[in-house]
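A short write-up of the structure that comes next.
The values are calculated or read from the model by the stated rules, or taken from the named source; none is laboratory data. Since this is a predicted model, take the numbers as computed values, not measurements. For neighbour counting, all protein chains shown are included, and Cβ atoms are generated from backbone atoms with ideal geometry for every residue, glycine included.
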Amino acid sequence: MPSSNASKMVGDIDRQSGVPIYVQLREILRAHIAAACPPGSALPSERDLAERFGLARMTVRQAIDALVGEEVIERVVGLGTFVRKPKLDLQVKLTSYSEEMQRRGMVPAAKVLSFEQIGASAFLARELQLEEGTPLVRFRRLLLADNEPMSVDENFIPAHRVPGLLDGEPPTSLYNVLSERYGLVMEWGEDMIEATAASPSTARLLNVEVGTPLLKIQRHAFVARSMVDYSVSYYRADRYKLWVPLQRPGVRPTRNYASGYRP
């Protein structure tokens, strides 16, 4: 893991300035991170920074605390302080995960966990507005970007809407197959978003600790008035932030919002 040497940092503290010393150090650190520290890089220790700039450890800690609060860096107990990996803004829309990751300059991938037919449980029947036991296609995947696990997605689709889907290989883009092969273009949907804790099985897949905070998104997607897909997704909260554009009813939007992504 790359590290940072305090002696090579550019900048000095101006003790005659009216700007608080910790703020000056905070901005020196910020500039150093932007110029020389990729995500995951280790920062110099508080002791090294104190020696480099001739400051008290308390002042150094104040500057570091400010950057931790801004989520620029993070402390890892027993290891040190590191540059945070940026959180991806998650504006949930009916668009492609693969396309969105490519737009961000990342390499998308997916590991298929299950691709099978099951009977609708009482819960799934209620969510999909079907009779209990109705055949469903269950498609569960681990989604990755740059080989790092991002989310676990599970889709449930009434089998009678997608005849023959299970005869071939699992699709790389579910919504593209639904659109191109079956004419099922998702027109609208409803999402329920809540915080949850990683279960042992989900934590293992996402490479996080059991109990780690996750974003759980349950979606009902429709073609016209017919529900075609019910899905449950678990996103790593340390890699995503939720962006929700707001608009006053009756006012035409003046901004062209960039789309988020979905499988």
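For the reader, a short list of remarks on this structure follows.
- Residue match in the stretch 155-164 (condition: within 25 Å of Glu180 (Cβ to Cβ), under 16 Å from the mean Cα position of the chain (by Cα), assigned to a strand (DSSP E or B) and in the same structural domain as Arg181 (by TED's automatic domain parsing)): no
- Residue count for the stretch 135-148, restricted to those that are at pLDDT below 90 and assigned to a strand (DSSP E or B): 4
- Note on the stretch 26-60: among residues that are in a loop (DSSP other than H, G, I, E, B) and over 27 Å from the mean Cα position of the chain (by Cα), the one that is surrounded by the fewest Cβ atoms within 10 Å (Cβ to Cβ) is Gly54.
- Any hit, the stretch 120-134, residues being of a type in the set (A, V, I, L, M, F, W, C), at pLDDT 90 or above, surrounded by fewer than 16 Cβ atoms within 10 Å (Cβ to Cβ) and outside any loop (DSSP other than H, G, I, E, B): yes
- Members of the stretch 23-37 that are among the hydrophobic types (A, V, I, L, M, F, W, C) and closer than 12 Å to Ile73 by Cα: Leu29, Ile33, Ala34, Cys37
- For the stretch 9-25, filtering for residues that are part of a helix (DSSP H, G or I) and crowded, with 17+ Cβ neighbours inside 10 Å leaves 4.
- Annotation: of all residues in the stretch 73-110 being modelled with pLDDT of 85 or more and aliphatic (A, V, I, L, M), the one that is nearest to Phe222 (Cα to Cα) is Ala110.
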